[in-house]
Amino acid sequence: MGLSGIKRTTGQHPGGMVVVPKDKEIYDFCPVQHPADKQSSDNITTHFDFHSIHDTICKLDELGHDVPTIYKYLEDYTGIKVTDVPMDDPGVMSLFTCTDALGVKPDDIRSKTGTFSLPEVGTNFVRQMLTEAKPKTFEDLLQISGLSHGTDVWIGNAKDLISNEGKKISEVIGTRDSIMTYLLNKGVDAKSAFDIMEITRKGKASTKLTSEHLKTMKEHDVPDWYITVSYTHLRAHETPEHLVCRLLLEKKKKKKQKKKKK
């Protein structure tokens, strides 16, 4: 004999913590269980996934962040302080679109960019994005990172806007923050801008945007393509990885300069 609708397997989100009010018990919100069915474990998790209970209880994602440690190691290795790394060095920026600053030709390294081995921008997929998007600023790089992590935001969306409609990488939606800031700059009120951002970045625009939302956007000259984006990352999420890129690129540049002096 068993209960219908009960989970047969369990899992957990590392760092996901549910906050229970002092005058309540977790059982007031949902059943609990031991992860991986290990009853001897000291850990317990909610039986229901967070989407089922997020309207009644608060959840925090306390995720580990190894980037600050990487900063420290890179500072020790390169002798360059993170705060001293320029965000607009022409030679460094050129590596995201060509190989000239490395003193090699694309055929020599089988890549049109000089970003091999760099976090976030060294894969075939992202290097192709760089070739097509032609980033010129640090802000553009954050756009690239957001687009490479999002769902349905590059292929069939931003890629087509850049390749077929002449949009710049700085004009398309790269991170969820840019949805709200774009709408605010268009004159949309803060509450509507936030609600539209949340609906759009979750890919719910076709079902959740109301006629009032659409009317508001049209009144403020928001183009139709702006509501077709799905899941997007936070801008702040992409920034640390690209600062690591800059440190590594700065090291590459200094090595090249030393070789020239010899």
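Would a scan of segment 12-24 turn up a residue that is touching a residue at least 24 places away in the same chain (Cβ under 8 Å), in a helix (DSSP H, G or I) and out of contact with any strand residue (DSSP E or B) (no Cβ under 7 Å at 6 or more places or on another chain)? No. Residues that are under 30 Å from LEU118 (Cβ atoms), in a strand (DSSP E or B) and open to solvent by less than 100 Å² (accessible area, probe 1.4 Å) do occur in segment 55-63. Is it true that ARG235 is modelled with pLDDT under 85 and open to solvent by less than 40 Å² (accessible area, probe 1.4 Å)? Answer is no for this residue. Taken over segment 104-126, the residue count meeting the criterion of being of a type outside the set (D, E, K, R), open to solvent by 60 Å² or more (accessible area, probe 1.4 Å) and part of a loop (DSSP other than H, G, I, E, B) is 3. Regarding segment 34-41, can at least one residue be identified that is modelled with pLDDT of 85 or more, of a type outside the set (D, E, K, R) and open to solvent by less than 100 Å² (accessible area, probe 1.4 Å)? No, segment 34-41 contains no residue that is modelled with pLDDT of 85 or more, of a type outside the set (D, E, K, R) and open to solvent by less than 100 Å² (accessible area, probe 1.4 Å). Of the residues ILE155, ILE80, the single one that is β-branched (Val, Ile, Thr) and within 16 Å of the chain's Cα centre (by Cα) is ILE155. Evaluation of MET17 against the conditions (1) among the hydrophobic types (A, V, I, L, M, F, W, C); (2) modelled with pLDDT of 80 or more; (3) open to solvent by less than 90 Å² (accessible area, probe 1.4 Å) shows that the sole unmet condition is (3).
Considering only residues that are assigned to a helix (DSSP H, G or I) and charged (D, E, K, R), look in segment 135-192 and name the one that is nearest to GLY114 (Cα to Cα). That would be ASP140.
Residues that are surrounded by 15 or more Cβ atoms within 10 Å (Cβ to Cβ) and more than 30 Å from THR216 (Cα to Cα) occur in segment 141-156; there is at least one.
Of all residues being open to solvent by less than 60 Å² (accessible area, probe 1.4 Å) and not in a helix (DSSP H, G or I) in segment 211-224, which is farthest from LEU183 (Cα to Cα)? Just the residue, please.
It comes out as PRO223.
Can you pull out every residue in segment 157-206 that is on the phi > 0 side of the Ramachandran plot and surrounded by fewer than 18 Cβ atoms within 10 Å (Cβ to Cβ)? Matches in segment 157-206: GLY166, GLY187. Residues of segment 24-39 that are in contact with a His (Cβ under 8 Å, 6 or more places away or on another chain) and of a type outside the set (A, V, I, L, M): CYS30, PRO31, GLN33.
The values are calculated or read from the model by the stated rules, or taken from the named source; none is laboratory data. What you see is a predicted model; the values in this text were computed from it and never measured. Please note: Cβ atoms are built from the backbone with ideal geometry, for glycine as well, and neighbour counts cover all protein chains shown. Ligands, DNA and RNA are stripped out before the accessible areas are found, and what is left, the full protein with its side chains, is counted by its heavy atoms. Shrake-Rupley method; radii C 1.70, N 1.55, O 1.52, S 1.80 Å.
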